[in-house]
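No lab work stands behind these numbers, since they all come straight from the coordinates. Quick caveat: nothing in here was measured; it's all calculated off a predicted structure. Here the Cβ is made from the backbone with ideal geometry for all residues, glycine too, and neighbour counts use every protein chain on show.
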Amino acid sequence: MKDDATARLLNPQDLLEKVLELKYGHQVADLGCGGAGYFTLPAARLVGSRGKVYAVDILKTVLESVLSKARLDNLLNVETVWSDIERVGVTKIPASTLDAALLINIMFQSRKNEHILKETHRLLKQDGKCLVVDWKVEPTPFGPPQANRLPPQTVATLATKIGFSVAKEFEAGAYHYGFILVKL
């Protein structure tokens, strides 16, 4: 659920370039990309013509929207993948091939976060990084219901159980927390 408010609250360029350290030539997946391409398109610019960004979502209309925006921006390195990231093993990206994965405002939408993290882990290379950004569990003037939000400690506990190390925890914005997880 990436919307206009999310775009104003988060700085995709800084998060991708300075925090995640995406580089030219990287292979990246934006898992649960949303239709606006707020993270997909900046990632595609950063990885350049030698890299690739997989825009993954369960809604085909979302994927059509992202691909249309990518083409309008002349970003030919975006490939859409129709998938349910809550189901381990079904995302049509070769296992252990990604340099990075993005889970932006995804965790609060699911009760199968362990499955999402397992699928992310499956897709990443050894030492591949996952950028997790989600809503803080505190009252905010907008955003999802507080009861739906996942505490950062829960994310860290699930991630380490699955085989990630928590390389970094940070404030992703006024209303969001973030992690860099590394596949062990």
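Would you mind counting up the charge near Lys183? Only other residues with Cβ under 14 Å from its Cβ, with Lys and Arg at +1 and Asp and Glu at -1.
Every neighbour counted, the sum reads +2.
Karplus couplings for region 45-55 from phi (6.51 cos²θ - 1.76 cosθ + 1.60, θ = phi - 60°), rounded to Hz, Gly and Pro as x?
Here the 3J(HN,Hα) series is 5, 5, 7, x, 5, 8, x, 8, 10, 8, 8 Hz.
Got a sec? How would Asp30, Asp127, Asp84 order by Cβ neighbour count within 10 Å, fewest to most?
The order, fewest Cβ neighbours first, is Asp127, Asp84, Asp30.
Mind scanning Lys60/Lys129; Lys69/Lys168; Lys60/Lys161; Lys92/Lys136; Lys112/Lys168; Lys18/Lys60 and naming the pairs with a C-alpha gap bigger than 29 Å?
Check vs 29 Å cut-off fails for Lys69/Lys168; Lys60/Lys161; Lys92/Lys136; Lys18/Lys60.
Can you report the principal axis dimensions of the chain using only the alpha carbons, biggest first, rounded to whole angstrom?
Ordered largest first, the chain gives principal extents of 40, 35, 30 Å.
Just how far, in whole angstrom, is region 95-151 from region 45-80 if you go by their alpha carbon centroids?
20 Å
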